[in-house]
1. Could you work out how far helix 68-92 tilts from the main Cα principal axis of the chain, as a 0 to 90 degree angle to the nearest 10?
2. In Å, what is the Rg of the alpha-carbon atoms in the range 1-70, and how long is Dmax?
3. Which whole number in µm²/s is D for the range 84-220 by Stokes-Einstein, with the Kirkwood Rh taken over Cα pairs at 10 °C and 1.306 mPa s?
4. At a Förster distance of 22 Å, what's the computed FRET efficiency of TYR161 paired with GLU216, Cβ-Cβ distance as r, to 0.05?
5. Which pairs in the list LYS110/LYS226; LYS36/LYS219; LYS53/LYS76; LYS36/LYS99 are over 20 Å apart, alpha-carbon to alpha-carbon?
6. Return the loop-located trypsin sites (Lys or Arg not before Pro) in the range 92-137 (DSSP other than H, G, I, E, B) with at most 16 other Cβ atoms within 10 Å of their own Cβ; answer none if there are none.
7. Assuming a ≥ b ≥ c are the square roots of the Cα gyration tensor eigenvalues, decide whether the range 156-256 counts as rounded (a/c under 1.5), prolate (otherwise, with a/b larger than b/c) or oblate.
8. Do the sum for the chain: with -39,500 (n - 2.57) for every DSSP H run of n ≥ 4, divided by all residues, what is the mean residue ellipticity at 222 nm, to the nearest 500 deg cm²/dmol?
Amino acid sequence: MSHNELDALRKQVEELNLQLLEVINKRGELVQEIGKLKEAQGVNRYDPVRERKMLDLITEHNDGPFETSTLQHLFKEIFKAGLELQKDDHRKALLVSRKKKPEDTIVDVKGVKIGDGSQHFIVGPCAVESYEQVAQVAQAAKAQGIKLLRGGAFKPRTSPYDFQGLGLEGLKILKRVGDEFDMAIISEIINPADIETACDYVDVIQIGARNMQNFELLKAAGAVRKPVLLKRGLAATIDEFINAAEYIISQGNDQIILCERGIRTYERATRNTLDISAVPILKKETHLPVFVDVTHSTGRRDLLLPTAKAALAIGADGVMAEVHPDPAVALSDSAQQMDIDMFNEFITELRSHYAYKS
Ligand code: PEP
Ligand code: MN
């Protein structure tokens with residue numbers, strides 16, 4: 001074979017490569033179109049029956065020199081790449097993503113603007129135990145200019161024998177205190193059937209770590225017009241966390257506050273491991289405000305102040321912390337709640353470093 005002959009053949013191969021390139025990308029475009037239609041119709045992207053038909057057609061028409069098994073393998077790779085392309089399109093378009101909406105979402109909680117660049121506090125007892133207990137914390141918080149009050153009425157406890165919360169009675173206490181002190185109420189709801197009722201009592205529905213992937217609860221919270229504070233799951237990746245928020249927004253509710261609350265790792269010095277870098281990642285990937293719960297992420301009273309400083313310094317939209325008039329006798333989380341004196345010192349110290357609004 002002369003040099004000229006070899007060059008000519010190589011040239012033909014290169015031309016065919018370019019044709020293949022064009023054809024493969026053209027196929028990619030068509031697959032994207034199909035993906036969009038399927039999404040609009042709510043049909044599953046992956047269709048094994050159709051793939052089988054396409055492979056059979058290729059087998060029927062194969063005159064060689066390639067073995068059918070080789071061609072099936074090559075085409076299967078092309079099909080897979082097409083499916084990935086459809087998925088990427090979908091991922092790029094997540095409703096909670098900055099790609100979809102570059103501006104920050106501001107969550108309006110009774111006039112408090114969360115996510116506008118100012119920093120806020122959510123404080124209150126782990127569980128609502130009595131009117132007096134909640135009112136004492138509310139009074140101390142209000143005196144510090146804080147407007148967001150938390151308290152658990154439905155407590156998702158690890159053991160079924162532990163205090164489960166006062167339920168509806170707890171929500172009524174919270175509402176009364178909220179009205180009397182003109183504060184906004186945040187409380188966890190654990191049953192999708194309670195979401196609508198809860199709207200009459202609370203200003204923010206909390207979805208707890210143990211329920212981050214309770215998809216029926218997420219959908220129910222997405223269907224009402226109330227802000228939702230969504231906590232990161234006990235061992236959830238950031239991607240899973242973002243997708244949980246997508247469940248809420250996909251139902252039409254964009255008033256979502258994300259809350260990093262520590263994740264389970266091998267480390268036992270703290271109750272959970274605070275994933276502080278999750279804050280800037282979530283702020284970058286989504287347009288939603290991000291809080292840090294320093295109480296449940298550390299489980300240690302001595303770490304509340306340093307972790308709150310870290311949260312504010314790294315750009316969180318706010319900090320959540322538990323405060324109880326007498327933590328020693330608290331019915332839950334007694335080791336990590338602050339008493340009123342400690343709370344006052346905590347706020348004073350943070351105020352000397354950071355300018356936050358409420
Ligand atoms: C809470 O905030 O009351 C709570 C139970 O926290 P988490 O869901 O993060 O454990
Ligand atoms: Mn608690």
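Here, each number is a calculation from the coordinates, and none is a lab measurement. These numbers were taken from a predicted model, which means no experiment stands behind them. All Cβ positions, glycine included, derive from the backbone under ideal geometry; neighbour counts span all protein chains shown.
1. 30
2. 18.0, 59
3. 96
4. Working: r = 26 Å, r/R0 = 1.18.
That pair, TYR161 with GLU216, gives E of 0.25.
5. Details: LYS110/LYS226 11 Å; LYS36/LYS219 23 Å; LYS53/LYS76 12 Å; LYS36/LYS99 18 Å.
Going by Cα-Cα distance, LYS36/LYS219 fall outside the 20 Å limit.
6. Numbers: sites: LYS92, ARG98, LYS99, LYS100, LYS110, LYS113; in loops: ARG98, LYS99, LYS100, LYS110.
Sparse-neighbourhood loop trypsin sites (Lys or Arg not before Pro): ARG98, LYS99, LYS100, LYS110.
7. Working: a/c = 2.00, a/b = 1.28, b/c = 1.56.
Oblate.
8. On the way: 12 runs with 167 residues, N = 358.
Taking each H run of at least 4 residues, the total per residue is -15000 deg cm²/dmol.
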